[in-house]
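This is the structure I want to talk about, given as structure tokens.
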Amino acid sequence: VAGAYFLPVGVSGVKRARRQGLSRVFRAIYRGCDRVIAPSQYVADDLLTRPGVRVPHTRLCVIENGVDVDDDDRMARYAGRAGSVGRWGEGCPRISVVANFFPIKGHEFLIRAVPAVLAAHPDARFVLAGEGESRAAMQALSDRLGVSARVTFPGEIPDALELMRASDLVVVPSLSEGLPITLVEAMALGRPVVTTGVGGIPEVVDDGVTARVVPPRDPEALANAMLELLADRTLADRIASQASVVARERFSAGRMVRRTQELYLGLHAG
């Protein structure tokens, strides 16, 4: 969809020099917009201050990304298929990451945390779903660390929700984020999450309440948080339950659509 009312622009894995050149393009695009919608306050603040862009605050509006959490039949369907993804192994801890393979997604630090988890749970299985430029390097890293037998790289999968629902933990090890849809989807599905506290993520979760939040680039912290939730199922279930409530109240697709419609109608009314 692209037109006078909505122009989607995304840049991922772009080198610094090219990003600087694209700033001029973005600046021209934003000048022609009556409103710029940011998915989090973090992104809005960045647009206010980013050199070469700097969107005026009067044109900025924060509308959080929403996911389809209102369809109870759909959620029940995934709950019923929780054991159907892949060959996990009977009763083993199941940990998943759903993110394309770019350095900013932090796969390296998750993989470096795997040996510590396996020391306590040698039957644990990790599934890292996605494609991207650093996938081969991450597979090589898992080989060097001697954990490749317990880490699976299935590539792009047809149903990430099914994978997450089948997981005991979902990990978001990113180095930077605006507001990750994967995080909100995992919360809505009632899965306990370990995530880094970067970008807009602290606007979504509270450490120890709706997720375990750790610093970026810290394999030890990632491992400790995963081990804590695997060892304490009462804590994991409580975090997952509270996270599901937050996702349904604040990040439903219906709420996102209503707020966007209100913005459009306000602009049309002039």
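The values are calculated or read from the model by the stated rules, or taken from the named source; none is laboratory data. None of these values were measured; they are calculated from a predicted model. Here the Cβ positions follow ideal geometry from the backbone for every residue, glycine too, while neighbour counts run over all protein chains shown.
Could you grab the pairs with beta carbons closer than 9 Å, sequence gap of 6+ or different chains, first residue in the range 94-107 and without any contact (Cβ under 8 Å) to a residue 60 or more places away in the chain, second one part of a strand (DSSP E or B)?
PHE101/LEU128; PHE101/PHE153
Can we say GLY130 is surrounded by 17 or more Cβ atoms within 10 Å (Cβ to Cβ) and on the phi > 0 side of the Ramachandran plot?
Values: surrounded by 17 or more Cβ atoms within 10 Å (Cβ to Cβ): yes; on the phi > 0 side of the Ramachandran plot: yes.
Considered against the rule, which asks whether it is surrounded by 17 or more Cβ atoms within 10 Å (Cβ to Cβ) and on the phi > 0 side of the Ramachandran plot, GLY130 comes out as yes.
I'd like to know if the range 204-211 contains one or more residues that are without any contact (Cβ under 8 Å) to a residue 40 or more places away in the chain, under 21 Å from LEU163 (Cβ atoms) and part of a helix (DSSP H, G or I). Spell out how you get there, then give the answer.
Our first condition is that a residue be without any contact (Cβ under 8 Å) to a residue 40 or more places away in the chain; within the range 204-211, this holds for 206-211.
In the following step, the residues that additionally are under 21 Å from LEU163 (Cβ atoms) were identified as 210-211.
Going one step further and asking which of them are part of a helix (DSSP H, G or I), we end up with none.
The answer is no, given that none of the residues of the range 204-211 is without any contact (Cβ under 8 Å) to a residue 40 or more places away in the chain, under 21 Å from LEU163 (Cβ atoms) and part of a helix (DSSP H, G or I).
For the range 219-236, indicate whether the set of residues that are assigned by TED's automatic domain parsing to the domain that holds PHE126, within 19 Å of VAL67 (Cα to Cα), at pLDDT 95 or above and not in a helix (DSSP H, G or I) is non-empty. Spell out how you get there, then give the answer.
The initial filter retains those residues of the range 219-236 that are assigned by TED's automatic domain parsing to the domain that holds PHE126, namely 219-236.
From what's left, within 19 Å of VAL67 (Cα to Cα): none.
Within the range 219-236, not a single residue is assigned by TED's automatic domain parsing to the domain that holds PHE126, within 19 Å of VAL67 (Cα to Cα), at pLDDT 95 or above and not in a helix (DSSP H, G or I).
State all residues of the range 133-155 that are buried (at least 17 other Cβ atoms within 10 Å of the Cβ), charged (D, E, K, R) and more than 21 Å from CYS92 (Cα to Cα); if no residue qualifies, say none.
Hit for the range 133-155 is ARG135, nothing else.
If you go through the range 84-104 one residue at a time, how many are modelled with pLDDT of 95 or more and more than 16 Å from ARG165 (Cβ to Cβ)? Spell out the reasoning first.
Of the residues in the range 84-104, the ones modelled with pLDDT of 95 or more are 93-104.
Subset that is more than 16 Å from ARG165 (Cβ to Cβ): 99-104.
Residues in the range 84-104 being modelled with pLDDT of 95 or more and more than 16 Å from ARG165 (Cβ to Cβ): 6 in total.
Does ALA211 count as more than 23 Å from GLU249 (Cα to Cα) and in the same structural domain as VAL98 (by TED's automatic domain parsing)? Reasoning before the result, please.
Details: more than 23 Å from GLU249 (Cα to Cα): no; in the same structural domain as VAL98 (by TED's automatic domain parsing): yes.
Spelling it out, it is not the case that ALA211 is more than 23 Å from GLU249 (Cα to Cα) and in the same structural domain as VAL98 (by TED's automatic domain parsing).
Check whether at least one residue in the range 148-155 is touching a residue at least 12 places away in the same chain (Cβ under 8 Å), part of a loop (DSSP other than H, G, I, E, B) and either more than 19 Å from ARG248 (Cβ to Cβ) or not aliphatic (A, V, I, L, M) (or both), and report yes or no.
Pass one, the range 148-155, residues touching a residue at least 12 places away in the same chain (Cβ under 8 Å): 150-155.
Checking the rest, the ones that are also part of a loop (DSSP other than H, G, I, E, B) come to none.
No, because not a single residue in the range 148-155 is touching a residue at least 12 places away in the same chain (Cβ under 8 Å), part of a loop (DSSP other than H, G, I, E, B) and either more than 19 Å from ARG248 (Cβ to Cβ) or not aliphatic (A, V, I, L, M) (or both).
Please find, among ALA188, ALA166, ALA140, the residue that is on the phi < 0 side of the Ramachandran plot and free of Cβ contacts under 8 Å to residues at least 24 places away in the same chain.
On the way: ALA188 fails: free of Cβ contacts under 8 Å to residues at least 24 places away in the same chain; ALA166 fails: free of Cβ contacts under 8 Å to residues at least 24 places away in the same chain.
None of the other options fit; the residue is ALA140.
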